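Visitor: Let me give you the structure first, and then I'll get to my questions.
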Ligand code: ACM
């Protein structure tokens, strides 16, 4: 299976321009699945909820989603993309799995980062892997990396590949995702953006270094901090089905859930 990411710099508020950039960046790509950054079409650093609402789209009537569905059909490809999702009077920081001619699945970010809490509603969709060409895809978004339960639940539910649209500003996640892969024996594609959002409330700089990591914790490729890149790797998905770390240790069978009950309590 061929999986990868497109690292680029969205321009804040320029939804159509960002869509064009993605379409031209992925022109003639040969892959089964490509992951795009978090909030790939709107940009990240919103002023307030009103501004998010004005840029977010309901996937049901979205020109962006219609264009991507058509693109996936023409290129015979699946995409996971960050998306500002409007749903009635709510607005979510979401990831969409789009395939040839259809929107397959929506995940709404569970763990909002910093100022996102001011203007996004917290996610309310279950962590549920979806099958794509024989692989089970689990979606998580950026700061979800800091809550290992996210990757664990997806892996326990059968995810082989974590698709991880990101807009990272801290220099911590890329190494942490190596551990997420090792402890769950899954692949992970972290698609980060580059460049900055300079807005009235300040400037945020994003750290690039998108990557693909294997269940053995090998970084197949890590991009630069500041250059656009389309990267695709051929992977053997079956490796992620074997949860053995040693001959006598299976990472799932050896778990002791009776001792993990505090995980179910809210502090
Ligand atoms: C983040 O969750 N965008 C850091």
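The values are calculated or read from the model by the stated rules, or taken from the named source; none is laboratory data. These figures come from a predicted structure and were not determined experimentally. All Cβ positions, glycine included, derive from the backbone under ideal geometry; neighbour counts span all protein chains shown.
Visitor: Are any residues in segment 129-157 more than 16 Å from the ligand (Cβ to nearest atom), surrounded by 15 or more Cβ atoms within 10 Å (Cβ to Cβ) and assigned to a loop (DSSP other than H, G, I, E, B), and if so, which ones?
Guide: 129
Visitor: Under 9 Å between Cβ atoms, at least 6 apart or on separate chains: pull out the pairs that start in segment 23-39 with a residue that is in contact (Cβ under 8 Å) with a residue 12 or more places away in the chain and under 11 Å from residue 72 (Cα atoms) and end on any residue that is within 16 Å of the ligand (Cβ to nearest atom) and assigned to a loop (DSSP other than H, G, I, E, B).
Guide: Within 9 Å, the pairs are 26/36.
Visitor: Here's something else I'd like to know. I'd like to check something: does segment 199-207 contain any residue that is under 20 Å from residue 35 (Cα atoms) and in contact with a strand residue (DSSP E or B) (Cβ under 6 Å, 6 or more places away or on another chain)?
Guide: Kept after step one, since they are under 20 Å from residue 35 (Cα atoms), are these residues of segment 199-207: 206-207.
Now drop any that are not in contact with a strand residue (DSSP E or B) (Cβ under 6 Å, 6 or more places away or on another chain), which leaves none.
Scanning segment 199-207, I find no residue that is under 20 Å from residue 35 (Cα atoms) and in contact with a strand residue (DSSP E or B) (Cβ under 6 Å, 6 or more places away or on another chain), so the answer is no.
Visitor: Given the residues 36, 45, which is the only one that is touching a helix residue (DSSP H, G or I) at 6+ places or on another chain (Cβ under 7 Å), within 16 Å of the ligand (Cβ to nearest atom), closer than 22 Å to residue 192 by Cβ and at pLDDT 95 or above? Break it down into steps so the answer makes sense when it comes.
Guide: On the way: 45 fails: touching a helix residue (DSSP H, G or I) at 6+ places or on another chain (Cβ under 7 Å).
Answer to the check: 36.
Visitor: Return the residues of segment 96-113 that are within 23 Å of residue 266 (Cα to Cα) and either away from the ligand (no atom under 16 Å from the Cβ) or in contact (Cβ under 8 Å) with a residue 24 or more places away in the chain (or both); say none if nothing qualifies.
Guide: First pass over segment 96-113, keeping only residues within 23 Å of residue 266 (Cα to Cα): 107-113.
Hits for segment 96-113 are 107, 109, 110, 111, 112, 113.
Visitor: Of the residues that sit in segment 227-254 and are assigned to a strand (DSSP E or B) and more than 18 Å from the chain's Cα centre (by Cα), which one is surrounded by the fewest Cβ atoms within 10 Å (Cβ to Cβ)?
Guide: The extreme case among them is 246.
Visitor: For segment 113-122, state whether one or more residues are closer than 27 Å to residue 243 by Cα and buried (at least 21 other Cβ atoms within 10 Å of the Cβ).
Guide: No, that holds for no residue.
Visitor: Can you name the residue in segment 159-173 that is in a loop (DSSP other than H, G, I, E, B) and surrounded by 15 or more Cβ atoms within 10 Å (Cβ to Cβ) and, of all such residues, is farthest from the ligand (Cβ to nearest atom)? Give the derivation first.
Guide: Restricting attention to segment 159-173, the residues satisfying the condition of being in a loop (DSSP other than H, G, I, E, B) are 159-160, 166-172.
Remaining after also requiring surrounded by 15 or more Cβ atoms within 10 Å (Cβ to Cβ): 159-160, 166-169.
On the way: 159: 19, 160: 23, 166: 6, 167: 4, 168: 6, 169: 6 Å.
By that ranking, first place goes to 160.
Visitor: May I ask you to list the residues in segment 204-221 that are free of Cβ contacts under 8 Å to residues at least 60 places away in the same chain and either out of contact with any helix residue (DSSP H, G or I) (no Cβ under 7 Å at 6 or more places or on another chain) or loosely packed, with under 13 Cβ neighbours inside 10 Å (or both)?
Guide: Answer for segment 204-221, where residues must be free of Cβ contacts under 8 Å to residues at least 60 places away in the same chain and either out of contact with any helix residue (DSSP H, G or I) (no Cβ under 7 Å at 6 or more places or on another chain) or loosely packed, with under 13 Cβ neighbours inside 10 Å (or both): 205, 207, 216, 218, 220, 221.
Visitor: Mind checking which residues of segment 114-128 are more than 26 Å from residue 223 (Cβ to Cβ) and either within 10 Å of the ligand (Cβ to nearest atom) or free of Cβ contacts under 8 Å to residues at least 12 places away in the same chain (or both)? Write out each step before concluding.
Guide: Quick first cut of segment 114-128, residues more than 26 Å from residue 223 (Cβ to Cβ) only: 117-128.
Across segment 114-128, the qualifying residues are 117, 126.
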